[in-house]
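Participant: Below is one structure. I have some questions about it.
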Amino acid sequence: MRPLIARQPIFDPDEKVYAYEMVASESLETILRDMDGGNGGAELVGRTQGPGHGSRKVFLEVTAEQLGADWLGSLPAARVVLQVSHAAEMTPDLMAGCQAVRESGFTLALGDFILEDGFSQLAPLVDILRIDFEQASQSHQRMAPIWSQTRKAQALAYNVPSKAAFTLAKNIGYSYFHGPFAYQAEFVDKTDVPGFKLNYLRLLQEINSPDMEFDKLEEVIKQDVSLTFKLLKYINSAAFGLRSEIESIHQALTLMGTREVRKWSTLVTMTSMGEDLPEEALVACVLRGRFLETLGVEMGQEERKDDLFFMGIFSMIELFMGRPKEEILGDLPLRPDIRAALLGEEGTFNTLLNMVLAYEDGDWDPLHNYVRDLGLPGDEVPDLYFDALDWTEKIFME
C-alpha cells in the first residue's frame with residue numbers, strides 16, 4: 001500500500017488554524033523518495049495546506065539524524081516547520097543539523113527533550129517548543145511557556161485532550177495547540193440548547209424527510225433568509241465549477257435536482273448551527289462526509305453515496321447541538337443502517353466510518369485492517385482523501 005497521509009490542524013488561542021501537521025504512515029524521507037519529479041516537496045506541502053491556504057505552514061516530522069539530509073532541500077523552507085520530537089543525546093551532528101535547517105529558512109520545532117540537562121546549546125535555535133501536553137508533568141506543562149518566552153520562542157501544546165486542558169494551556173501562556181479538544185462536544189442541559197439550533201434541527205428533519213417534494217423543499221429553504229443566502233453561496237462556490245451564477249433556490253433545484261439540493265441544504269443548515277464553533281470543525285465535518293461518499297463509490301455503493309455523505313455530517317452532530325448523539329439521531333429521518341452505524345452497531349457502514357476516523361487520527365494499523373475487510377483499493381485511498389480535501393476546501397473558499 002502507498003504511504004497514507006492525513007493532516008491535523010494546529011490552532012492559535014482563538015481556535016483559528018495556524019498550521020497543519022502532516023501525519024503519515026511512512027517517514028518523510030520515504031514519501032519524498034517515492035514521489036515523481038523534482039517538485040515533490042512543494043507538491044506535498046501544497047496538498048497538505050489545501051487550496052487557498054498557502055500562508056499556513058506545514059509541520060513535518062523528522063528525526064534528529066535527518067536534520068542534515070540533502071533531501072530536505074526539496075522542501076519549500078519558508079512554508080515548513082521541521083519538528084524533532086526526540087533526541088537521545090546532544091551531539092555535534094544534532095547541533096550542526098539544527099543550525100543548517102535554520103540557515104536554510106525552515107522554522108524549527110523541538111520537543112520537550114530540550115528542557116533536559118545537556119541540550120542547552122540548542123536553546124538559541126528553537127523557534128517552537130513542542131510539549132506533549134497529555135503526557136507531560138504539571139511542572140513541564142507550566143515551564144514550557146516561560147522557557148519559550150525568555151528565549152523569544154513559542155510553545156506548542158501537543159495532544160491537548162479536552163476543552164478544559166485547552167483552556168489551561170491557553171491561560172498559562174501557550175501559543176499553539178494541537179489535539180482532539182477542538183472536536184469534543186460540550187454537553188448542556190436540554191433546556192439550555194439555544195432556540196436557533198432547535199429551529200435548525202427542525203429544518204434538518206423537514207429537509208431530510210423521505211416524502212419531501214420539490215415545491216415543499218423550496219418553501220422550507222426559503223423560510224430562512226440566511227439559509228437561502230448561504231446555500232446559494234455554497235452552490236456558487238468553486239467546488240461546483242458552474243459556468244453561470246445560480247440566483248434562486250428554484251434555479252438550483254432545477255439544475256441540480258432535489259437530492260443534491262437536499263444534501264447541500266443539510267450542509268448549510270449544519271454550518272448555521274455551528275456558527276459558534278471554529279470553522280475547522282465545519283471543515284472536518286464536510287471532509288468526513290465527502291471522504292465517506294467517495295469511498296462508498298469505490299466499494300460499489302454508488303446508490304448510497306448521499307446516505308454516506310449524511311453519515312459523515314451527522315457523525316459530529318453532538319458537537320453542533322451540545323446534546324448526546326443518541327438523543328438527536330432519534331429525531332432525524334435517517335436510513336436504519338446509517339443510524340445503526342452512527343450509534344456504533346457493527347456492520348459495513350460502521351466499519352467504513354471507523355476506517356475514516358482511524359485515517360483522521362493517523363491510526364494506521366487498524367486502518368489497514370479496515371481497508372482489507374472492506375475490499376478497498378488500498379493504493380487509491382490516499383488520493384481519495386486528498387480529492388475529498390481539495391473539494392472541501394473549495395467549499396469554504398470565499
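Participant: With angles folded into 0 to 90 degrees, how steeply does helix 279-298 sit against the dominant principal axis of the chain? Use alpha carbons for both and round to 10.
Facilitator: 70 degrees
Participant: To the nearest Å, what is the center-to-center distance of region 21-86 and region 218-245, using C-alpha atoms only?
Facilitator: 37 Å
Participant: Could you list Asp224, Asp215 so that the one with the fewest beta carbons within 10 Å of its beta carbon is first and the one with the most is last?
Facilitator: Asp215, Asp224
Participant: Right, something else. Any idea how many Lys pairs in region 190-396 come in under 25 angstrom at the alpha carbon, given 8 or more places apart or on separate chains?
Facilitator: Final tally of qualifying lysine pairs is 26.
Participant: If the chain between Met212 and Glu380 were fully stretched, how many nm would it gain, using 0.36 nm times the residue separation less the Cα-Cα distance?
Facilitator: Length gained, Met212 through Glu380: 56.9 nm.
Participant: With charges only on Cβ, +1 for K and R and -1 for D and E, what is the dipole size of the chain about its Cα centre, in debye, rounded to 20?
Facilitator: So the dipole magnitude of the chain works out to roughly 940 debye.
Participant: Follow-up. Taking only C-alpha pairs under 8 Å that are 6+ residues apart, what is the relative contact order of the chain in percent?
Facilitator: 15 percent
Participant: With 10 angstrom as the radius, rank Ser209, Ser148 by how many other C-beta atoms surround their C-beta, starting from the fewest.
Facilitator: The most exposed by this proxy come first: Ser209, Ser148.
Participant: Could you tell me which of Phe314, Ala284, Leu332 has its Cα farthest along the dipole of region 190-396 towards the positive end, charges placed at Cβ (Lys, Arg +1; Asp, Glu -1), taken about the Cα centre?
Facilitator: Most positive-ward Cα: Leu332.
Participant: Rounded to the nearest 10 degrees, what's the angle between the helix 195-207 long axis and the longest principal axis of the chain, both from Cα atoms, 0 to 90?
Facilitator: 60 degrees
Participant: How far, in nm, would the chain grow between Glu346 and Ala96 when pulled straight, counting 0.36 nm per residue and subtracting the alpha carbon separation?
Facilitator: 84.7 nm
Participant: Each label point is 7 Å from the Cα along the Cα-to-Cβ direction; what then is the distance between the points at Ser137 and Val297, in nm?
Facilitator: Inter-label distance under the simple model: 5.4 nm.
Participant: For the chain, with the dipole built from +1 on Lys and Arg beta-carbon atoms and -1 on Asp and Glu ones, taken about the Cα centre, which of Val188, Gly68, Thr351 lies farthest toward the positive end?
Facilitator: Val188
Participant: Please report, in debye to the nearest 20, how large the charge dipole of region 190-396 is about its Cα centre when each Lys and Arg carries +1 at its beta carbon and each Asp and Glu carries -1 there.
Facilitator: Dipole size: approximately 600 debye.
Participant: Right, here's the next one. Test of understanding: ordering Arg142, Arg259 by Cβ neighbours within 10 Å, fewest first, what list do you get?
Facilitator: Final ranking by Cβ density, sparse to dense: Arg259, Arg142.
Participant: Next question, about the same structure. State whether region 5-182 is rounded, prolate or oblate according to the following rule on the C-alpha gyration tensor (a ≥ b ≥ c being the square roots of its eigenvalues): a/c under 1.5 gives rounded; otherwise a/b larger than b/c gives prolate, and the remaining case gives oblate.
Facilitator: oblate
Bear in mind that the values in this text are calculations on the coordinates, not laboratory data. It should be emphasised that the depicted structure is a prediction, and the values quoted were computed from it without experimental measurement. Ideal geometry is used to build each Cβ from the backbone, glycine not excepted, and the neighbour counts take in all protein chains shown.
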